[in-house]
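K.L.:
This is the structure, below, for whatever I ask next.
The values are calculated or read from the model by the stated rules, or taken from the named source; none is laboratory data. Here the structure is a predicted model, which means the values were calculated and not measured. Cβ placement follows ideal geometry from the backbone for every residue including glycine, while neighbour counts extend to all protein chains displayed. The accessibility values were calculated without ligands, DNA or RNA, using every heavy atom of the protein model including side chains. Shrake-Rupley method; radii C 1.70, N 1.55, O 1.52, S 1.80 Å.
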Amino acid sequence: MSSHPSPATQQAVTLAEAQTFWLQWVEAAFPDLESRAYFLPPVYFNRVPMTRQSVGGQDVLVLWSAPGQAGQSNQQAMASSAAAQAPSPQLPRVQDSDVRDDAAMQRVHMCLQKMAEQNKEVLVGLNQLKFEECLGEPCYSAVAGHLPVADSLPSSFPENWKRGDFDVLLLHRHHGLVVCEVKTFGDNIHKLNMSQQNIDSNIRQKLKQAVSQLDKAEAMLSHLVSDIAPGLRITKIIALPNLTTHQLQQAISGDTQMTQDLCQCLGTSDPADIVGLCLCCDQLSDPKTPCDVSSHVLRELGHWWQRRVAGAGPDPHMTFVLYKTLVARFVVRRQQ
């Protein structure tokens, strides 16, 4: 009889060793994991491509955006024009909406980070984490591929779901998983001279998209942690950083189906709760000074956090060991 361990036994040993290593890595990388918030990356990085050019004798970073776009600033247009006179590599053109998305995402990231620090929340925050980074793609090590979550998606999941992402994902020591979908509509409606009917229609369309994407994110997260924490709480957040609560309320008033969909997504039976559960510009820093997260903003953000996340109390599933395991699972994969 052979004394060599079976492939299944070897795989179990390899997986156990890998998990031990990852937990040790987490302990070394996050020495204050049990007492503070970490955001990865610690500052928000814009996604749009930029290039360094000399304009008027000074080096500037130039956004490459498609010509003639609504909302493009004169400064950006002049810089692009000046840069175009000099030979430069062909870079992909950027939609003006991408620039607005970056600005809104930066505000959400910065405000959540400041609030977490102020309230001494214990969490790890990740930005723009792609589903495929958590699904055992070939770019990961062979050991990572042995994880249960790296198996193929359930047959009920459409194949194209692998191409999704989490705008903001918070791994919270006490409250489980918090996933946030950011919709940036609203910052240029005056420039576009939109009618109120058009504005409300666009807001409802963005909300419909957010509900769909959050439902998909919830299903994906449930799958990713099913082997270690079935039933773990997942809190879904809709962030509308360029809209006021009044604009949101006006857009959904009278739309029964939209109201029902939002109630189901946000986990409330009272339609009157919807506006207070969404994260609007009322609770965020001024877009003109996004880094200025004032005491007033922190207070409003804290009230919102209590309504949306903390008010439900701690999730009994969330032990420190599970918290550390979740950080290892989501963060280590991103670092590979």
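K.L.:
Among the residues of region 10-31, which ones are open to solvent by 70 Å² or more (accessible area, probe 1.4 Å) and either in contact with a strand residue (DSSP E or B) (Cβ under 9 Å, 6 or more places away or on another chain) or modelled with pLDDT under 75 (or both)?
P.N.:
10, 11, 13
K.L.:
Applying the selection to region 265-295, what residues are part of a loop (DSSP other than H, G, I, E, B) and within 21 Å of residue 116 (Cα to Cα)?
P.N.:
If the condition is that a residue be part of a loop (DSSP other than H, G, I, E, B) and within 21 Å of residue 116 (Cα to Cα), then 278, 284, 285, 286, 287, 289, 290, 291, 292, 293, 294 are the ones that fit.
K.L.:
Of the numbered conditions (1) surrounded by fewer than 21 Cβ atoms within 10 Å (Cβ to Cβ); (2) under 24 Å from residue 171 (Cβ atoms), residue 214 fails exactly one; give the number of that condition.
P.N.:
Among (1) surrounded by fewer than 21 Cβ atoms within 10 Å (Cβ to Cβ); (2) under 24 Å from residue 171 (Cβ atoms), the lone unmet condition for residue 214 is (1).
K.L.:
Among the residues that make up region 296-313, is at least one of them charged (D, E, K, R), within 21 Å of residue 118 (Cβ to Cβ) and modelled with pLDDT under 95?
P.N.:
No.
K.L.:
Then there is this: So for region 177-189 (the condition being of a type in the set (Lys, Arg) and either crowded, with 19+ Cβ neighbours inside 10 Å or part of a helix (DSSP H, G or I) (or both)), does at least one residue qualify?
P.N.:
yes
K.L.:
Can you tell me which residue within region 217-227, out of those that are closer than 13 Å to residue 176 by Cα and surrounded by 17 or more Cβ atoms within 10 Å (Cβ to Cβ), is nearest to the chain's Cα centre (by Cα)?
P.N.:
221
Residues are listed down the side, and each one gets a yes or a no for (1) more than 17 Å from the chain's Cα centre (by Cα); (2) under 23 Å from residue 106 (Cβ atoms); (3) of a type in the set (Gly, Ala, Ser); (4) open to solvent by 60 Å² or more (accessible area, probe 1.4 Å):
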position: 286; (1), (2), (3), (4): yes, yes, no, yes
position: 289; (1), (2), (3), (4): yes, yes, no, yes
position: 292; (1), (2), (3), (4): yes, yes, no, yes
position: 320; (1), (2), (3), (4): yes, no, no, no
position: 323; (1), (2), (3), (4): yes, no, no, no
position: 328; (1), (2), (3), (4): yes, no, yes, no
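K.L.:
Among (1) open to solvent by 20 Å² or more (accessible area, probe 1.4 Å); (2) more than 23 Å from residue 184 (Cβ to Cβ), there is one condition residue 298 misses while meeting the rest; what is its number?
P.N.:
Tallying (1) open to solvent by 20 Å² or more (accessible area, probe 1.4 Å); (2) more than 23 Å from residue 184 (Cβ to Cβ), residue 298 fails exactly one: (2).
K.L.:
Same structure, new question: Going through 243, 262, 248, 232 one at a time, which residue ends up being open to solvent by less than 20 Å² (accessible area, probe 1.4 Å), assigned to a loop (DSSP other than H, G, I, E, B) and out of contact with any His (no Cβ under 6 Å at 6 or more places or on another chain)?
P.N.:
243
K.L.:
Give just the number: which of (1) at pLDDT 95 or above; (2) outside any helix (DSSP H, G or I) does residue 208 not satisfy?
P.N.:
Tallying (1) at pLDDT 95 or above; (2) outside any helix (DSSP H, G or I), residue 208 fails exactly one: (2).
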